[in-house]
Amino acid sequence: MRRREVITLLGGAAVAWPLAARTEKMYRVGVLNAGPDSITLQWQAFEQGLREEGFVEGRNLIFEHRFAEGNLERLPAMAAELVGMDVDVIVVRGPAPMQAAKAATTKIPIVMDAGSIDPVGEGLIASFARPGGNITGLTYSDSPERFAKELDVLKEAVGPISRIAILWDLDAEYYRRSWSPVMERAAGQFGLRILGPFQVRNTADIERAFVAMMEQRAEAVLVAAGSAAFPNRTRIGELGVRHRLPIVAAFKEFPQAGSLISYGPNRVAISRRAAAFVGKILKGSTPGELPVENPTTYDLVINLKTAKALGLTIPPALLIRADEVVE
């Protein structure tokens, strides 16, 4: 065989070489989650978003999952572990993982998958247009006025109330610095007095919080964060019914698990969009130059079974607006 024929043959073989057999760089993505280890629609949307960016687990992507199972005190060590592994990107879900990751690294890119309500006010980024530093991604609110929207639908559902308890699962100083002014402003629009926040970090804290709420004559509950509350959402719903306290939250999984109502961003849509940020960073983009985005899709979910247990009749106009009604 002539040399030219050998070269031609080898060239043709290279073209026919299966894509899966080619050598690709393996990227390592850390996922820091305060909740439990479970397969959800949110995670499936994230994986699909990465596939659309050309990144597939096992082919050119390795995930390093760290789940705190609702125990927030575990997050700093988990964040430090991911940094020690020198992952290419850290994806954070919720404010508590965001705080832990920010404290652990200023170099590894961090992508917020609903990681903050007010990232500028919380000192995470310089601005939405040019965040600077190593943090970008999506907030889980279109503005700090999200709480006002939650309180609006709550009052429409339950009628006149004057005292609302705040169920909170981050440290008290963080609340006072970042969220308290927002909460007070929202409550003031509806003539509501805020009780708490009742800080929780585990299931036992949640039980004690509801007892304390009743002692202070709370008339309703707003779940303000979710890192510890989310994995305990079924228990929260049960306690709301037992104590006859209507509960409003941002995420639809709460009324799906027994709380009364939710109004907030669609987390599946957020996760799918967060994957695009990860893809851009793995392709070479600088996180500090990727504008932070607000969610654009919101859901209103009402649990009619819970409403009946609480002795409430939901106005028809509110039911018509609901994206989902749990019966």
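The values are calculated or read from the model by the stated rules, or taken from the named source; none is laboratory data. All of these numbers come straight from a predicted model, not from anything done at the bench. Cβ placement follows ideal geometry from the backbone for every residue including glycine, while neighbour counts extend to all protein chains displayed. For the accessible areas, the whole protein counts, side chains as well, though only heavy atoms, and no ligand, DNA or RNA atoms are used. Shrake-Rupley method; radii C 1.70, N 1.55, O 1.52, S 1.80 Å.
Some points to look at:
- Cβ-Cβ under 7 Å pairs, at least 6 apart or on other chains, the stretch 166-193 side farther than 16 Å from Ala225 by Cβ, far side open to solvent by less than 20 Å² (accessible area, probe 1.4 Å) and in a helix (DSSP H, G or I): Ala187/Leu151; Gln189/Ala148; Phe190/Leu151; Leu192/Leu151
- Answer residue from the stretch 72-118, given it is assigned to a strand (DSSP E or B) and modelled with pLDDT of 95 or more and is farthest from Ala204 (Cα to Cα) among those: Val89
- Count - residues of the stretch 264-280 that are in contact with a strand residue (DSSP E or B) (Cβ under 6 Å, 6 or more places away or on another chain) and surrounded by 22 or more Cβ atoms within 10 Å (Cβ to Cβ): 6
- Among the residues examined, Leu41 qualifies as open to solvent by 50 Å² or more (accessible area, probe 1.4 Å), under 19 Å from the mean Cα position of the chain (by Cα) and in contact (Cβ under 8 Å) with a residue 40 or more places away in the chain.
- Residue match in the stretch 251-261 (condition: open to solvent by 10 Å² or more (accessible area, probe 1.4 Å), under 26 Å from Arg130 (Cα atoms), of a type in the set (Gly, Ala, Ser) and in contact (Cβ under 8 Å) with a residue 24 or more places away in the chain): no
- Filtered residues of the stretch 62-102 (kept if open to solvent by less than 10 Å² (accessible area, probe 1.4 Å), farther than 21 Å from Asp169 by Cα and free of Cβ contacts under 8 Å to residues at least 60 places away in the same chain): Leu82, Val87
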